[in-house]
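The structure appears below as structure tokens.
The values are calculated or read from the model by the stated rules, or taken from the named source; none is laboratory data. Predicted model only: the values in this text are computed from it and were never measured. Virtual Cβ from ideal backbone geometry, glycine too; neighbours counted across all protein chains shown.
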Amino acid sequence: ATAQIGVTGLAVMGRNLARNFARSGCTVALHNRTEARTRDLVDAFGHEGTFVPTRSPEEFVAALQPPRCLVVMVKAGGPTDAVIEQFAQLVEVGDVIVDGGNAHFEDTRRREAALRERGVHFVGTGISGGEEGALLGPSIMPGGSAEAYRSLGPLLERIAARAPDGAPCTTHLGTDGAGHFVKMVHNGIEYADMQLIAEAYDLLRGVAGLEPAEIAEVFRRWNTGRLDSYLIEITAEVLTHTDARTGRPFVDVVADRAEQKGTGRWTVQTALDLGVPVPGIAQAVFARSQSGHARLRRAAESLPGPETAEGAPSRMAADEAERFAAQVEQCLYASKVVSYAQGWDMLRAGSEAYDWGIDLGSVAAIWRAGCIIRAAFLDRIRGAFTERPALPTLLADPQFAQELGEAQDAWRGTVAAAARHGVPAPGMSGALAYYDGLRAARLPAALTQAQRDYFGAHTYRRDDLEGTFHTQWGGDRTEDRTD
Ligand code: NBP
């Protein structure tokens, strides 16, 4: 047994992860159900490091130094269960089985509990950064026991992305499902970010009348400021691209239906179960879903909007467009802060519900590089939660609060412009509503609760008295104390 780590499941993700381990100096055992993939990897990349190719699960396990660490990178769901069960029978007490696939955190909790009974450590880990990240350095989000992290952690730290300060983008997040939960929230935030960026693009096009190539320039400029991030960078790239077949802007030939694999939906479903409001993520999931509803969209095609008679938006003069773009930047930034605040609320809610003790500052730290939402901005979130771990919402951080205050005129102006021009901006307008909803001294929820008492005798509380009350709505409207 010579290998420090093993990877089973050598499709795109597993192959690149195995190469990353080997390039970092680890001896890596390889296994795949279909042996040809193992051979192909060694033929093409064997020179990159020390690989131990194996042909059977038994041979694979025998190649690993105890305590064995083996990473499963197979299709999520049934295949992952089958492979875990297969290896659970071959490993020994104290060994570590890692699932690096996109598992639901509840599945990870179930698998961890089952393996713990057999004395085997199970680590469910989120891995973000796609194919390229797996090879060059992903953000890695492991859950599981602290003991498992002691043997596995140093290996993960070798292959993880490095933040600008040199810190590896991985840390022990908490027991059982913590890692996959954090990865799920990462993806939810990613959905919200992408939706907001799409709305900013749509406004620059539909209100200012800019062409995609001009909008690419705006995004490129934004990418040198506080919005500096991978997603803004690739947005500029996509908007610059011209379709080779037609010579038209690429964004104009792609069908306008956004698909989803399900992690955004998981985030929203879980948020509903935890009772934590994440409307920014929900809006993004619903916006994708709405884009794909061809029947609804066709049926509504001829509904009147505020368009000019010519249909096409009139083009703003250059200086006016410049001012509008600056306003949209403020709106995008403020809305982004709101959606990250919601994401962190969800991290806290999950951590409390499952007793994970997730360090909220550390999550921001390990998302600074390697993952899809990597951004300079995350270092400030790390700072906010490191300074004040009990910060009730990111919006209450003095620096973010000040920026939101400064952005609010432009934010309101942009949302109003979207409404006036008939440009759908559910993410941005929802973010503003969330901000106003949180800061409101008094909400119309008082009326909602009164209605509930009227039709369902659901009772209400009063601001001026202790206890719960019910009004005799059908009778003389006297008020009874019910507790
Ligand atoms: P896939 O999700 O396409 O899975 C292919 C691998 O699963 C192959 O190695 C295949 O073996 C193996 N496999 C299957 Br399918 N059923 C199996 C079974 N019953 N027993 C043993 N092996 C089985 O690969 P991927 O795109 O590399 O993703 C791997 C994991 O990483 C997934 O959970 C995915 O959700 C997650 N992930 C993917 C990305 C990404 O960007 N692609 C990013 C982050 C996480 P075979 O070669 O014999 O068919």
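Answer yes if at least one residue in segment 390-397 is free of Cβ contacts under 8 Å to residues at least 24 places away in the same chain, surrounded by fewer than 21 Cβ atoms within 10 Å (Cβ to Cβ), in a helix (DSSP H, G or I) and out of contact with any Lys or Arg (no Cβ under 9 Å at 6 or more places or on another chain), and no otherwise.
No - not one qualifying residue is present in segment 390-397.
Has segment 279-293 got any residue that is in contact with a Lys or Arg (Cβ under 6 Å, 6 or more places away or on another chain), under 16 Å from ALA192 (Cβ atoms) and in a loop (DSSP other than H, G, I, E, B)?
No.
In segment 143-187, what count of residues is obtained for those that are of a type in the set (D, E, K, R), farther than 24 Å from GLN4 by Cβ and surrounded by fewer than 24 Cβ atoms within 10 Å (Cβ to Cβ)?
1
State whether the residues of segment 213-220 include one that is surrounded by fewer than 22 Cβ atoms within 10 Å (Cβ to Cβ), among the small types (Gly, Ala, Ser) and in the same structural domain as ALA341 (by TED's automatic domain parsing).
Yes - at least one qualifying residue is present in segment 213-220.
Please state which of the following conditions GLU157 fails to meet, knowing it meets all the rest: (1) touching a Ser or Thr at 6+ places or on another chain (Cβ under 7 Å); (2) on the phi < 0 side of the Ramachandran plot; (3) touching a residue at least 24 places away in the same chain (Cβ under 8 Å).
(3)
Anything in segment 39-50 that is surrounded by fewer than 23 Cβ atoms within 10 Å (Cβ to Cβ) and of a type outside the set (Gly, Ala, Ser)? List them, or say none. Before you say what the answer is, go through the steps one by one.
Pass one, segment 39-50, residues surrounded by fewer than 23 Cβ atoms within 10 Å (Cβ to Cβ): 39-40, 42-50.
ARG39, ASP40, VAL42, ASP43, PHE45, HIS47, GLU48, THR50 - these are the residues of segment 39-50 that are surrounded by fewer than 23 Cβ atoms within 10 Å (Cβ to Cβ) and of a type outside the set (Gly, Ala, Ser).
Any idea how many residues of segment 9-31 are farther than 14 Å from PHE45 by Cβ, within 13 Å of the ligand (Cβ to nearest atom) and touching a residue at least 40 places away in the same chain (Cβ under 8 Å)?
Here the count works out to 3.
Only one residue in PRO67, PRO138 is more than 10 Å from the ligand (Cβ to nearest atom) and in contact with a strand residue (DSSP E or B) (Cβ under 7 Å, 6 or more places away or on another chain). Which one?
Testing whether each residue is more than 10 Å from the ligand (Cβ to nearest atom) and in contact with a strand residue (DSSP E or B) (Cβ under 7 Å, 6 or more places away or on another chain) leaves just PRO67.
Looking at (1) under 14 Å from the mean Cα position of the chain (by Cα); (2) of a type in the set (Gly, Ala, Ser); (3) not in a helix (DSSP H, G or I), can you tell me which one GLY264 breaks?
The number of the failed condition is (3).
I'd like the full set of residues that are crowded, with 19+ Cβ neighbours inside 10 Å and more than 12 Å from the ligand (Cβ to nearest atom), limited to segment 71-107.
Hits for segment 71-107 are VAL91, ASP95, VAL96, ILE97, PHE105.
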